[in-house]
Amino acid sequence: MKRIAIFILIALAGGVVALGLYRLTEKKHPAYSIYAEPGLPVRQASYTAAPPMNEPDFETAAEMSVHAVVHIKTEFQQKSSVYDDFFDFFNFHQYPDDRSNPITAMASGVIITSDGYIVTNNHVVQDATKITITLNDKRVYEAKIIGTDPSTDLALIKIDETNLPFLTFGNSDDVKIGQWVLAVGNPFNLTSTVTAGIVSAKARDINILGSQSAIESFIQTDAAVNPGNSGGALVDTKGQLIGINAAIASGTGNYVGYSFAIPVNIVKKVVDDFMKFGKIQRAALGVYYKEVDDQLAKEINLPQVKGVYVEDVVQGGAAELAGIRKGDVIYRIGDRTINGKSELLEEIGQHNPGDKMEVGLYRDGKELTLPLTLQSSALNQENKITLLGATFEKIGANDMKRFGLQGGFKITHLEDGVIRDAGIKTGFIVVAVDRQAITSSQDLREALTSKRGGVLIEGVYPNGMRAYYGIGL
């Protein structure tokens, strides 16, 4: 019994010593664990602690952004239908029986220079009779419009003040899917609100701007954006401006999961044009195209499903002068891969008339690179005319050669009107009206507006089928 008691005391003492050594060493070396083996001295086991997770830091970006994002109050004589196209970002207020008071709306804007230039959405200020700006420090100013651009839904306004906080431009081409972003604005008239999310997608075309010339290549995020955020900032974690919030995907008018921002590289171009020229200098590639899908890729033996298929080129346009032909597939402009319409519009939308670039394309199973100089879209507009709900564009040399024509105008877009009612489809080339050849926009305008009763339209479809239509005027 005496021997057993001695063994128990020795064991207890050993345990106390081991525990004491463990606690003592634990305090000095928290990254290591101590263990003992019977009959061996206490040793340290090598252990590498897991590195701390790199959690995003939004504090600096939020502090920089809230002071450069302003509250915008606009006044209108009447509500324009343009606002109904934009997710009801506005909060309109007017008593139904009080027509003497203007309609008011609330939105956001971003200061981009210390002397008071502010970017917002076109639909925020379009048709406004008065624009009131409230800074984050509650100073109030009246703003004037410098320029508006419906095709990008951007506007530049200005207040008379200096030494203002402002946001610097980032590079939206470098934005990655999955990166953290902040949306800063005034949702529901709650000033200086910051929400966080990630970039969900890029180059989204949600068909909200309506116009054929519209540039839609939105950055999609899941940062919460609600009525009043329109025109506010989308910033990265460095506090750099990467987009202007413009729309939400919602059936209720409030945020339900996705929001959309105009890429800052398009914003840069629009701002630069307004400051230098007072108007937009829109460049044009001069092609009619459609996106490549899996079926088309198989039909023309493309190595991959990407790019835009050239259906035709504008006569005398940049593409035709560069040697681009009908049937080519444009897959690259400069260093940027073109997967579809949105990337094409965004890339061209960042350039000016006269800019030179290289265009990568597939032709007959081979890759080609052609140098190209962009033209002004105004030159292309000279060959475009809209009448009776249809948009007509002058055909290029390829179509004239293919069909043996001396001229003609292709219908590229149809809305409600007598042209559609007659059964005419897009792609139809009008070559004569009442047996008179159509070779200029003036010929077409006179033929379809100067007569009364009805006319006979003659033309050809892309498959070579000739057709005649009688329409009433």
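Below, the figures for the structure above:
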{"item": "Accessible area per residue in Å² at 1.4 Å probe, computed on the stretch 252-368", "result": "45"}
{"item": "Accessible surface, per residue, of the stretch 112-177 when the full set of protein chains is kept, probe 1.4 Å, Å²", "result": "45"}
{"item": "Residue 466-residue 127 FRET efficiency (beta carbon distance; Förster radius 51 Å; 0.05 resolution)", "result": "0.65"}
{"item": "Percent carbon-and-sulfur accessible area, the stretch 234-382, ignoring ligands, DNA and RNA, probe 1.4 Å", "result": "46"}
{"item": "Potential lengthening between residue 290 and residue 162 on full extension [0.36 nm per residue; Cα-Cα distance subtracted]", "result": "41.3 nm"}
{"item": "Accessible-area composition of the stretch 101-167, carbon plus sulfur, in percent [1.4 Å probe]", "result": "46"}
{"item": "Å² of accessible area per residue within the stretch 389-472, as computed with a 1.4 Å probe and no ligands counted", "result": "49"}
{"item": "Residues residue 321 and residue 192, FRET efficiency given R0 of 45 Å [Cβ-Cβ distance, rounded to 0.05]", "result": "0.30"}
{"item": "Prolate/oblate/rounded call for the stretch 127-212, Cα gyration tensor, a/c under 1.5 rounded", "result": "oblate"}
{"item": "Percent of Cα-Cα distances greater than 17 Å, calculated over the stretch 419-468", "result": "33"}
{"item": "Set of the stretch 419-433 residues, backbone N closer than 13 Å to the point 7 Å along the Cα-Cβ line of residue 451", "result": "431-433"}
{"item": "Accessible area of the stretch 397-473 belonging to carbon and sulfur atoms, whole % at 1.4 Å probe", "result": "47"}
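The values are calculated or read from the model by the stated rules, or taken from the named source; none is laboratory data. It should be emphasised that the depicted structure is a prediction, and the values quoted were computed from it without experimental measurement. Cβ atoms come from the backbone with ideal geometry, glycine included; neighbour counts cover every protein chain shown. Ligands, DNA and RNA are excluded from the accessible area calculation, which covers all protein heavy atoms including side chains. Shrake-Rupley method; radii C 1.70, N 1.55, O 1.52, S 1.80 Å.
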